There are 2 protein chains.
Amino acid sequence: MSTAELLICTTCRAAGTAKDAAPDGRRLFHAVQTRELPPGLHLRGIACLGVCSRSCSAALQAPGKFTYVFGDLPADADSAEQLLLVAAQHLRLDDGQLPWSDRPERLRRGVVARLVPALPFTSTPADAG
Amino acid sequence: MSTAELLICTTCRAAGTAKDAAPDGRRLFHAVQTRELPPGLHLRGIACLGVCSRSCSAALQAPGKFTYVFGDLPADADSAEQLLLVAAQHLRLDDGQLPWSDRPERLRRGVVARLVPALPFTSTPADAG
């Protein structure tokens, strides 16, 4: 079965969130956690994804597939649903490359980075892309 | 031997770069390519890393290690040297987690994202971090 990880930053705070309130990222994590996960998806809360200027943030990764990092996500049910939708797409696709047109709105404009699958390190040491 | 990939976006353009000029990212790629690479490092030019708002951009990845994405990099010799310095650190470290204090200045404030190593998918389906 295809597998992938959905990482959610649990320390992200949106601008204006009170310091004694739960971090927005933790609320987003719980919003995802309470939903049914697609088979093969492993959900992980991570203390910091380094996307502090574009909170809330999340990432999808799996060996041999494209990695995506998303930001600017409100900590609400819509973000949770959109993340699980693209996670299911990522699981289905052999290379995990998510077509722009098939992604929900927040995960189009919210792309922070997109990395190609890691090579098996059998080719020459420098490729021009 | 430890291996890792240094991905450099070859289509990144800094604000104000003329449309008929070579992309800044391609100049950064060539600045790295002309230097001696640490053993085990695989350099790849990638047409887009999705970090368009923080060009130039680059990333370090290797199976079982932390992934780093960097942005706001001028296309010059200093950026090339700093990228190769942290690439050598990433190769040496078992988990690839780069201490903030050991990183050159541009690769401290230029962090776009930092992802934990992918799990081998043997644990429970939801972990709180």
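The values are calculated or read from the model by the stated rules, or taken from the named source; none is laboratory data. Owing to the predicted nature of the structure, the values given are computational and were not obtained by experimental measurement. Note: ideal-geometry Cβ built from the backbone for every residue, glycine included; neighbour counts use all protein chains shown.
Quick notes on this one:
- Among the residues of segment A:1-30, those identified as β-branched (Val, Ile, Thr), surrounded by fewer than 20 Cβ atoms within 10 Å (Cβ to Cβ) and touching a residue at least 24 places away in the same chain (Cβ under 8 Å) are A:Thr3, A:Thr11.
- Some residue of segment B:100-112 being under 27 Å from A:Trp100 (Cα atoms) and among the aliphatic types (A, V, I, L, M): yes
- Segment B:33-75, residues that are among the charged types (D, E, K, R) and surrounded by 17 or more Cβ atoms within 10 Å (Cβ to Cβ): B:Arg44, B:Arg54, B:Lys65, B:Asp72
- Only a single item in (1) of a type outside the set (Ser, Thr, Tyr); (2) crowded, with 22+ Cβ neighbours inside 10 Å; (3) within 12 Å of another protein chain (Cβ to nearest Cβ) is not met by A:His90, and it is number (3).
- Selected residue (only one of A:Ala22, A:Ala18, A:Ala14 is in a loop (DSSP other than H, G, I, E, B), within 14 Å of chain B (Cβ to nearest Cβ) and modelled with pLDDT under 95): A:Ala22
- Residue among A:Leu107, A:Leu85 that is buried (at least 22 other Cβ atoms within 10 Å of the Cβ) and either at the interface with another protein chain (Cβ under 9 Å from one of its Cβ atoms) or closer than 28 Å to B:Cys48 by Cβ (or both): A:Leu107
- All of A:Ala113, A:Ala118, A:Ala80, A:Ala87 fail the test of being modelled with pLDDT of 95 or more and not in a helix (DSSP H, G or I), apart from A:Ala113.
- Qualifying residue in segment A:41-59 (condition: in contact with a helix residue (DSSP H, G or I) (Cβ under 8 Å, 6 or more places away or on another chain) and free of Cβ contacts under 8 Å to residues at least 40 places away in the same chain): yes
- Number of residues in segment A:64-85 that are out of contact with any strand residue (DSSP E or B) (no Cβ under 7 Å at 6 or more places or on another chain), closer than 24 Å to A:Pro23 by Cα and not hydroxyl-bearing (Ser, Thr, Tyr): the value is 11.
- Flag if A:Leu115 is of a type in the set (A, V, I, L, M, F, W, C) and within 8 Å of another protein chain (Cβ to nearest Cβ): yes
- When A:Val69 is tested against the conditions (1) more than 8 Å from chain B (Cβ to nearest Cβ); (2) under 20 Å from B:Val116 (Cα atoms); (3) in contact (Cβ under 8 Å) with a residue 24 or more places away in the chain; (4) not in a loop (DSSP other than H, G, I, E, B), the lone failure is (1).
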